[in-house]
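> What follows is a structure written as structure tokens; I'll ask about it next.
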Amino acid sequence: MNIPIVHHPDYSFPFPERHRFPMEKFRLLADYARSRGLLTRTNGFRPAPCRQAWLTQTHCPDYLTRFAGGALSAREQRQMNLPWSTGLVRRTFLAPSGTVLTAQLALQHGIACHLAGGTHHAHYDHAAGFCILNDLAVAANVLLQQDGIERLLIFDVDVHQGDGTAALLANEPRAFTCSIHCERNYPFVKSESDLDISLPDGLEDDAYLEVVSDTLQQALALSRPDIVLYDAGVDVFGGDPLGRLNISEAGILQRDRLVLGELKHRAIPVATVIGGGYDDDRARLAKRHGIVVEAACQLFGGG
């Protein structure tokens with residue numbers, strides 16, 4: 001069987017075509033994964049809506065209620081920067097559950113991939129940067145309640161700093177947050193991760209891959225994790241309109257093979273999420289998000 005892949009058809013729903021956030025990319029990514037034989041009837045998993053208890057141990061209950069009911073203030077809606085709809089509510093409460101399911105499957109199989117997730121800007125009681133709930137923090141808090149999970153690492157290589165994740169897990173010593181991001185990019189006020197690596201504008205493949213390799217070694221030594229949540233954002237790509245780095249698609253593949261290969265070598269389970277990517281060519285963007293899934297299948301013998 002191919003490696004486990006988590007997806008839900010409601011991750012994409014009718015959405016303004018010209019909006020900067022490419023909501024259709026989740027459907028297009030699943031279609032691409034099927035076309036490549038990566039996602040099949042035998043290895044696809046579908047999450048249920050996230051349990052309320054999982055959400056309220058990470059996020060403000062009042063915020064959750066008001067978002068679900070479409071009762072956010074005008075300021076909160078501007079922070080969210082996504083048009084509210086019942087479709088948005090449904091996908092928002094599905095995705096964190098998808099990351100939890102991906103992590104559980106990774107513990108069983110050594111690796112699993114979520115065709116969504118990485119909403120790392122969401123904070124305790126407000127949305128930010130297209131992120132309403134923080135699936136990485138939710139999954140971390142769920143995992144740390146399980147027997148056998150003493151420590152975990154969130155290794156985030158999205159081009160934007162994982163500020164919400166860092167803030168939400170700041171007082172949880174068993175969760176180690178690591179962010180490799182473009183320094184002069186959103187968010188302009190950064191949170192403090194356990195390990196932050198800031199990159200200059202225009203960085204190219206070779207220097208970038210050296211930083212990723214060195215940082216991964218450092219993060220693993222410091223965290224000694226029982227599982228890794230890997231945010232494989234592709235907004236580092238040179239053509240991404242919200243990026244500012246200059247990484248090629250070949251460089252992204254090398255990055256993902258480097259990270260996943262090291263974790264396989266160390267026998268540390270890894271759950272991948274797709275993170276950011278904003279190319280106006282949505283089909284090309286979906287293929288770019290598929291890189292981490294293809295790398296996972298190649299390395300772990302599934303394809």
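The values are calculated or read from the model by the stated rules, or taken from the named source; none is laboratory data. As the structure is a computational prediction, the values presented were derived from the model and not from experiment. Positions of Cβ are backbone-derived with ideal geometry, glycine not excepted, and every protein chain shown enters the neighbour counts.
> For the range 226-245, does any single residue satisfy the condition of being in a helix (DSSP H, G or I) and either surrounded by fewer than 16 Cβ atoms within 10 Å (Cβ to Cβ) or in contact (Cβ under 8 Å) with a residue 24 or more places away in the chain (or both)? Explain how you work it out, then say what you get.
Pass one, the range 226-245, residues in a helix (DSSP H, G or I): none.
Checking the range 226-245: not a single residue is in a helix (DSSP H, G or I) and either surrounded by fewer than 16 Cβ atoms within 10 Å (Cβ to Cβ) or in contact (Cβ under 8 Å) with a residue 24 or more places away in the chain (or both).
> Also: Please work out if LEU258 is surrounded by fewer than 23 Cβ atoms within 10 Å (Cβ to Cβ), of a type outside the set (Ser, Thr, Tyr) and either outside any loop (DSSP other than H, G, I, E, B) or in contact (Cβ under 8 Å) with a residue 60 or more places away in the chain (or both). Break it down stepwise before answering.
Working: surrounded by fewer than 23 Cβ atoms within 10 Å (Cβ to Cβ): yes; of a type outside the set (Ser, Thr, Tyr): yes; either outside any loop (DSSP other than H, G, I, E, B) or in contact (Cβ under 8 Å) with a residue 60 or more places away in the chain (or both): yes.
Yes.
> Would you mind listing the helices (runs of 4 or more DSSP H) fully within the range 18-74 where at least 2 residues are over 21 Å from the mean Cα position of the chain (by Cα), exposed (fewer than 13 other Cβ atoms within 10 Å of the Cβ) and without any contact (Cβ under 8 Å) to a residue 12 or more places away in the chain?
It comes to 61-68.
> OK, next. Does the range 194-205 contain any residue that is farther than 30 Å from LYS287 by Cβ and assigned to a loop (DSSP other than H, G, I, E, B)?
Checked against the condition, which is being farther than 30 Å from LYS287 by Cβ and assigned to a loop (DSSP other than H, G, I, E, B), the range 194-205 yields at least one hit.
> Determine which member of the set GLY98, GLY87 is touching a Pro at 6+ places or on another chain (Cβ under 9 Å), under 15 Å from ASN134 (Cα atoms) and either outside any loop (DSSP other than H, G, I, E, B) or not hydrophobic (A, V, I, L, M, F, W, C) (or both). Before you say what the answer is, go through the steps one by one.
On the way: GLY87 fails: under 15 Å from ASN134 (Cα atoms).
Going through GLY98, GLY87 in turn, the sole match is GLY98.
> OK, next. ALA106 - would you say it is buried (at least 20 other Cβ atoms within 10 Å of the Cβ) and either modelled with pLDDT of 95 or more or in a loop (DSSP other than H, G, I, E, B) (or both)?
It is true that ALA106 is buried (at least 20 other Cβ atoms within 10 Å of the Cβ) and either modelled with pLDDT of 95 or more or in a loop (DSSP other than H, G, I, E, B) (or both).
> Quick check, is ILE149 within 30 Å of ASN43 (Cα to Cα), more than 19 Å from the chain's Cα centre (by Cα) and modelled with pLDDT of 95 or more?
Numbers: within 30 Å of ASN43 (Cα to Cα): yes; more than 19 Å from the chain's Cα centre (by Cα): yes; modelled with pLDDT of 95 or more: yes.
So ILE149 fits the description; yes.
> Kindly establish whether SER193 is without any contact (Cβ under 8 Å) to a residue 60 or more places away in the chain, touching a strand residue (DSSP E or B) at 6+ places or on another chain (Cβ under 7 Å) and hydroxyl-bearing (Ser, Thr, Tyr).
Numbers: without any contact (Cβ under 8 Å) to a residue 60 or more places away in the chain: yes; touching a strand residue (DSSP E or B) at 6+ places or on another chain (Cβ under 7 Å): yes; hydroxyl-bearing (Ser, Thr, Tyr): yes.
Yes.
> Of everything in the range 75-110, what is under 17 Å from the mean Cα position of the chain (by Cα) and without any contact (Cβ under 8 Å) to a residue 12 or more places away in the chain? Give them in sequence order.
Once the filter is applied, which keeps residues that are under 17 Å from the mean Cα position of the chain (by Cα) and without any contact (Cβ under 8 Å) to a residue 12 or more places away in the chain, the range 75-110 yields only GLN104.
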